[in-house]
Amino acid sequence: MSSFKENTAKAIEDFNRYRAPEAVAELVTMDRASFKIEFTGPFCHACGFHDYFDDFKIFLEEIGPRAEITRIEEINSGAIVTFQITDWQRE
């Protein structure tokens, strides 16, 4: 079984493969219960801005764990999004 950190890295890799250069995800911090991803790029802030964060969540949930978005901090170049782990089943 892959670790939570490995799965998150894989989800970031997959997201960037399909969404970059429009939106690029990068891990900022991680602990046992949550993690923060910085999303940057030339994406539209007026329409569909939050869709990128939901897309990342789907990439993550396809390999585990499940997570909920608990905070979105808009920054000049995009956003830093906090994800709270809601379901992580260890084998």
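Quick notes on this one:
- Note on the range 1-21: among residues that are in contact (Cβ under 8 Å) with a residue 24 or more places away in the chain and in a loop (DSSP other than H, G, I, E, B), the one that is farthest from residue 50 (Cα to Cα) is 1.
- Residue selected from the range 20-48 under the condition over 14 Å from residue 86 (Cα atoms) and polar (S, T, N, Q), by the criterion surrounded by the fewest Cβ atoms within 10 Å (Cβ to Cβ): 29
- If the condition is being farther than 15 Å from residue 73 by Cβ, in contact (Cβ under 8 Å) with a residue 40 or more places away in the chain and of a type outside the set (D, E, K, R), then the range 22-55 contributes 23, 33.
- A single member of 80, 85 is of a type in the set (A, V, I, L, M), within 13 Å of the chain's Cα centre (by Cα) and at pLDDT below 95, and it is 85.
- Residue tally, condition surrounded by 11 or more Cβ atoms within 10 Å (Cβ to Cβ) and either among the aliphatic types (A, V, I, L, M) or in contact with a Pro (Cβ under 9 Å, 6 or more places away or on another chain) (or both), over the range 1-11: 5
- Residue 78 being surrounded by 18 or more Cβ atoms within 10 Å (Cβ to Cβ) and at positive phi: yes
- Filtered by the rule that a residue be under 14 Å from residue 64 (Cα atoms), of a type in the set (A, V, I, L, M, F, W, C) and at pLDDT below 95, the range 1-34 gives 1, 4, 33.
- Residue identified as out of contact with any helix residue (DSSP H, G or I) (no Cβ under 8 Å at 6 or more places or on another chain) and either of a type outside the set (Val, Ile, Thr) or crowded, with 17+ Cβ neighbours inside 10 Å (or both) among 51, 55, 14: 51
- Per this entry, residue 90 is counted among residues that are at pLDDT below 95 and not in a strand (DSSP E or B).
- First in the range 60-76 and under 19 Å from residue 3 (Cα atoms), second anywhere and in a strand (DSSP E or B) and aromatic (Phe, Trp, Tyr), Cβ under 6 Å, 6 or more apart: 67/83
The values are calculated or read from the model by the stated rules, or taken from the named source; none is laboratory data. No experiment lies behind these values; they were computed from the predicted model shown. Cβ: placed from backbone, ideal geometry, glycine included. Neighbour counts: every protein chain shown.
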